[in-house]
Every structure is written in C-alpha cells, then in structure tokens.
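Just below is one structure, and these are the notes that go with it.
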Amino acid sequence: MKQLMAANWKMYKTREEAGETLKELASLLTGMPENREVVIFAPFTCLNACSDTLKNETRISLGAQDCYPQKEGAFTGEVSPGMILDCGADYVLTGHSERRSILNESDDFVGSKTSFALKNGLKTILCVGESLEERDGGKLEEVLVRQLQTGLKDVPDDTSPDCLAIAYEPVWAIGTGRVAGPEEILESHAVVRKFLKIRFARQGASRRILYGGSVKAENAAAIMQLENVNGVLVGGASLRADSFSRIVLA
Ligand code: 13P
C-alpha cells in the first residue's frame, strides 16, 4: 500500500500560480520514496492547466475538490465526474467538512457523490470528521460511523483499495493551527479502521486512511508513523511547493 500524500488547494491559485507551484514541486520531489503517491486537489478552473503541466510527470496525480452526482443536465454551476476526467484529473474529494458546514451538504448527498464518482471512474477520498462540540459530547464514534455508513451506502463491497480512501479531518483542527494529538488521531483512525474492516472485509485492512488538519512539515513525520495513518491531506501547508515537498518527503 503506497502512502497517499494529498494537497487540498481549496479556493486558491490562478492557472499560472498553479503551474508554477507544480513545476517547483516536481523538481523538489526528485528522490521521492517509491512507497509514496502524491495527489493535488486543485480548483476546477486550474485542472486543465495542471494536467498540461503534469503531462510528463508520473509521480503526481491530479484531483478535483468536489463533483455533482449526475452525468450532465440542468445543474447550474455544477461539474460532473466525466468533466473532471476530461480535464485530466482522476481523483475527487467528497464530503469535505467545509462543504458539509458552509454548503450544507448532508451525509446522504455526500454518499450519492461518493458512489457516483467511483462508478464513473474517479478515485475518491471520502472525508469524515467531528466538530469540537461532538467530540466534547462523547459522540466521536457515533459521528464517524454515521458519516462512513451513509457516505459509503452505495459503494460496492469489492471497490479496490486503490480507488477509495478515507480522510479523517477533525473540524476543530482544520486551518486552526491546532493539530490533533497522537492519542486523538490513534483513537479516531482505529474507529475508521474497525468500520472499514466490517464494511469491506479483507479489503478494509488495506484501504488507506489519511489524517488532515494543520499538518505541517514539522509534524508530518510523527503523524505518518502512527498506526492506521496511511497518508495526509494538507490544506494551508500545501500551497507552497517547498513546505508541501517537505511533508511528502518527511
Ligand atoms: P489545513 O491543513 O489548512 O488545516 O486544512 C486541512 C484540510 O482541510 C485539508 O482538506
């Protein structure tokens, strides 16, 4: 199982800025260990330009940050999995907490996106995570299991581990500088692993679980060593090639 080092650029970067960051990143990743895979989740508007920049680059994959669960139609402002593939990307994120909270996406809608994206050929990372209120109220397991159960409701049992990963991102650690401690990460990733083993049987043990939330070059190596951490999903510290490359090589 390769460790998945993912960058979520959120709503940052013009095409030119994206291209420059990727060129710098590719040169900084010379000597990247074989057991690491890199994916950049860029804004829709940059996907084509990023794909052109990466055309001779096999170590870095490209993804979109969201998709709509229909092939085409009257869905103003939305983007389908087929359109994402057409732009040269083959990954997508579903259920990011910013979409759940700011855009009111329900567990059910996230589930529809996840199964539709997979069915239409996109490798998918389903994001789950609890708020501080939920954690403090002792609801960690309940929230994660609910998000996983509904998020994966129509996903076939035999979905390959290469095509579907889970990102655990505690809402209180995103963009706050407050990284979850080792105990908190271990506890949450164990809940996700237990769920995956029941849901996918043997495939559940080899499915990747990423941690996200204030990952930086300084804390990445320690986080990557924890049990059941098979990669990271990085926001702020992924915007600059130098800091993201230090995370990838940590
Ligand atoms: P930060 O790394 O900026 O905390 O963001 C995490 C995140 O939301 C990645 O999807």
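The values are calculated or read from the model by the stated rules, or taken from the named source; none is laboratory data. The structure displayed is predicted, hence computed values, not measured ones. In this analysis, Cβ positions are derived from the backbone assuming ideal geometry, glycine residues included, and neighbour counts consider all displayed protein chains. Calculation scope for accessible area: heavy atoms of the full protein, side chains included, ligands and nucleic acids excluded. Shrake-Rupley method; radii C 1.70, N 1.55, O 1.52, S 1.80 Å.
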When you have a sec, figure out the Kirkwood radius of the stretch 53-166 from all distinct Cα pair distances and drop it here in Å to one decimal?
14.9
Surrounding charge for residue 184, neighbours by C-beta under 11 angstrom, Lys/Arg +1, Asp/Glu -1, total -1
Can you pick out the pairs among 13/197; 55/197; 71/139; 55/119; 55/153 whose Cα atoms lie more than 31 Å from each other?
13/197; 55/197; 71/139; 55/153
In the chain the accessible area split gives carbon plus sulfur, as whole percent at 1.4 Å, a share of 50
Ignoring ligands and nucleic acids, what accessible area does residue 76 show with a 1.4 Å probe (Å², nearest 10)?
140
So, how do all the Cα-to-Cα distances of the stretch 1-69 break down into 10 Å bins, in percent, from 0 on up?
20, 55, 23, 2
Suppose the Debye formula is applied to equal point scatterers at every Cα of the chain; what is log10 I(q)/I(0) at q = 0.08, 0.11 Å⁻¹?
-0.27, -0.53
Summed side-chain charge close to residue 105 - residues other than residue 105 whose Cβ falls under 10 Å, Lys, Arg +1, Asp, Glu -1:
-1
Determine the order of 83, 5 by accessible area, beginning with the largest, at a probe radius of 1.4 Å.
83, 5
Given a cut-off of under 8 Å on Cα pairs at least six residues apart, what relative contact order in percent is computed for the stretch 62-104?
47
Any idea of the accessible area per residue across the chain, 1.4 Å probe, to the nearest Å²?
46
Equivalent-ellipsoid semi-axes (√(5λ), Cα gyration tensor) for the stretch 129-250, whole Å, largest first?
24, 18, 12
Whole-Hz Karplus ³J(HN,Hα) for the stretch 64-80, in order, using 6.51 cos²θ - 1.76 cosθ + 1.60 and θ = phi - 60°, x for Gly and Pro?
9, 8, 5, 7, 10, x, 9, 5, 6, x, 7, 10, 3, x, 9, 9, 8
